[in-house]
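Structure, as structure tokens:
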Amino acid sequence: MRHMKNLNALLASLFMATTLTSSCKGNTHPLSKASTNPPAANEKSAISPTSNMTAPRSGHTATLLPNGQVLIAGGMERNGVFFQSAELYDPMTGSFTAANRNMSTQRVGHSAVLLPNGEVLIVGGWSSAGLVASAELYDPKTGAFTSTGSMSVARGDFTATLLSNGKVLVAGGENSGALSSAEIYDPATGQFAQTGNMRAGRTMHTAVLLSDGKVLVAGGGEYQHPLATAELYNPASGTFTITGNMTVPRYKQAALLLTDGNVLVVGGSDGRDWQGQYANAEIYDSAKGAFSAIGKMNMARFKLPGAVALLKNGNVLIAGGGEQVEIYDPASKSFRVATGRMDTARFYSTATLLTDGRVLVAGGYDNHSVASARAWTYKT
């Protein structure tokens, strides 16, 4: 019964399509406002289609490998169709190919982290049987997935953050409610060990490694009850401490470290899910420990935690939650729409910066809860 409760929580979180969204006309979400910042006349950046993935996926992970390829792992097509498979995107050919081997289990709502040794840690999430505590390593050299230590508790919709010391912080997530617990994965031993608890239970939150080695954990909370609070994890002491609050409570948002050491937080929802999507954004000032509001995006977006990318010029690509891609310029603290658009809004898609400066945007599901195999590349 607990597995079914966990599974139902995932389906409610990932695939809750309301009558409002199902009645969308065309490609624009009804809650998205009209674009107010169109592309500049000399805008050369654009998004365009590339080859399709081997399977339609949402809630998957995408990890840039040392060889320049991208590992796409797990995800789901629709309710009850969870993937154990993985595939590789080759930027040189612009094509996806199925990985030689599958993961040890189906996973959606999991996390994937590139370790300093070039392997990928894939951990947690849901399978068709319920929540998963297990973890595995993908070795790009052999193409093999091998089991490693398991977490102390099964988790979905948590965060996994590579620390400056090469270890991985796993924080929060869902398991019969939002978890406040956290643990550390040590690649040297292949084991997880518990660390200090967060000050609040959080699921569908964000976690960003700061320049000083601490981790900013923000928002999230119980399903439909997001928090505005944020806290900092100190790897030296293994403890979380409260920092400034966000300007609004939000979950299912995205957050990313900027080149100046501050953190950009965009989108999310106020707890009403589809009816409560945000177009607003804010900046966390790492020196002051405080959030402040900035200009709004051109459309409301949520369910986009893996669909933002820091470009090589310091700007930020925002691709999730809408059919139009936006660019955030830290210098002017403003958003503009890039040339071109995807076929429709995509939720729980991924955006991965490639070694040549392009960004691969892959999968996600649309306003009708249909996952896609389509992928695009963004080029500046």
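The values are calculated or read from the model by the stated rules, or taken from the named source; none is laboratory data. Since the model is a prediction, treat every value here as computed from it, not as a measurement. Here the Cβ positions follow ideal geometry from the backbone for every residue, glycine too, while neighbour counts run over all protein chains shown.
Which residues, counting only those in segment 193-212, are outside any loop (DSSP other than H, G, I, E, B) and surrounded by 19 or more Cβ atoms within 10 Å (Cβ to Cβ)? Spell out the reasoning first.
Initial filter on segment 193-212 (outside any loop (DSSP other than H, G, I, E, B)): 193-195, 203, 206-209.
T195, T203, T206, A207, V208 - these are the residues of segment 193-212 that are outside any loop (DSSP other than H, G, I, E, B) and surrounded by 19 or more Cβ atoms within 10 Å (Cβ to Cβ).
Just one of A99, A144, A73, A135 is surrounded by fewer than 18 Cβ atoms within 10 Å (Cβ to Cβ), of a type in the set (G, A, S) and within 27 Å of L169 (Cβ to Cβ); which is it? It would help to see each step written out before you state the result.
Numbers: A99 fails: surrounded by fewer than 18 Cβ atoms within 10 Å (Cβ to Cβ); A73 fails: surrounded by fewer than 18 Cβ atoms within 10 Å (Cβ to Cβ); A135 fails: surrounded by fewer than 18 Cβ atoms within 10 Å (Cβ to Cβ).
Residue meeting the stated conditions: A144.
Can you find even one residue in segment 317-328 that is out of contact with any Lys or Arg (no Cβ under 9 Å at 6 or more places or on another chain), within 26 Å of L162 (Cα to Cα) and modelled with pLDDT of 95 or more?
Yes: one or more hits.
Just one of G306, G261 is modelled with pLDDT of 95 or more, in a loop (DSSP other than H, G, I, E, B) and farther than 28 Å from S58 by Cα; which is it? Walk me through it before giving the result.
Values: G306 fails: farther than 28 Å from S58 by Cα.
Testing whether each residue is modelled with pLDDT of 95 or more, in a loop (DSSP other than H, G, I, E, B) and farther than 28 Å from S58 by Cα leaves just G261.
Residues S180, S164, S128: which one is touching a residue at least 60 places away in the same chain (Cβ under 8 Å), surrounded by fewer than 22 Cβ atoms within 10 Å (Cβ to Cβ), within 28 Å of A287 (Cβ to Cβ) and not β-branched (V, I, T)? Give the steps one after another, and end with the answer.
Working: S180 fails: touching a residue at least 60 places away in the same chain (Cβ under 8 Å); S128 fails: within 28 Å of A287 (Cβ to Cβ).
Step by step, each of S180, S164, S128 is checked, and only S164 is touching a residue at least 60 places away in the same chain (Cβ under 8 Å), surrounded by fewer than 22 Cβ atoms within 10 Å (Cβ to Cβ), within 28 Å of A287 (Cβ to Cβ) and not β-branched (V, I, T).
Have a look at S334, S292, S349, S286 and point out the one that is hydroxyl-bearing (S, T, Y) and under 14 Å from the mean Cα position of the chain (by Cα). Quick ask: steps written out before the conclusion?
Numbers: S334 fails: under 14 Å from the mean Cα position of the chain (by Cα); S292 fails: under 14 Å from the mean Cα position of the chain (by Cα); S286 fails: under 14 Å from the mean Cα position of the chain (by Cα).
Just a single option satisfies the conditions, and that option is S349.
Of all residues in segment 312-356, count the ones that are assigned to a strand (DSSP E or B), at negative phi and in contact (Cβ under 8 Å) with a residue 24 or more places away in the chain. Walk me through it before giving the result.
First, the residues of segment 312-356 that are assigned to a strand (DSSP E or B): 316-318, 324-329, 334-341, 347, 350-353.
If we keep only those that are at negative phi as well, we get 316-318, 324-329, 334-339, 341, 347, 350-353.
Now restrict to residues that are in contact (Cβ under 8 Å) with a residue 24 or more places away in the chain: 316-318, 324-328, 334-339, 341, 347, 350-353.
Number satisfying all stated conditions: 20.
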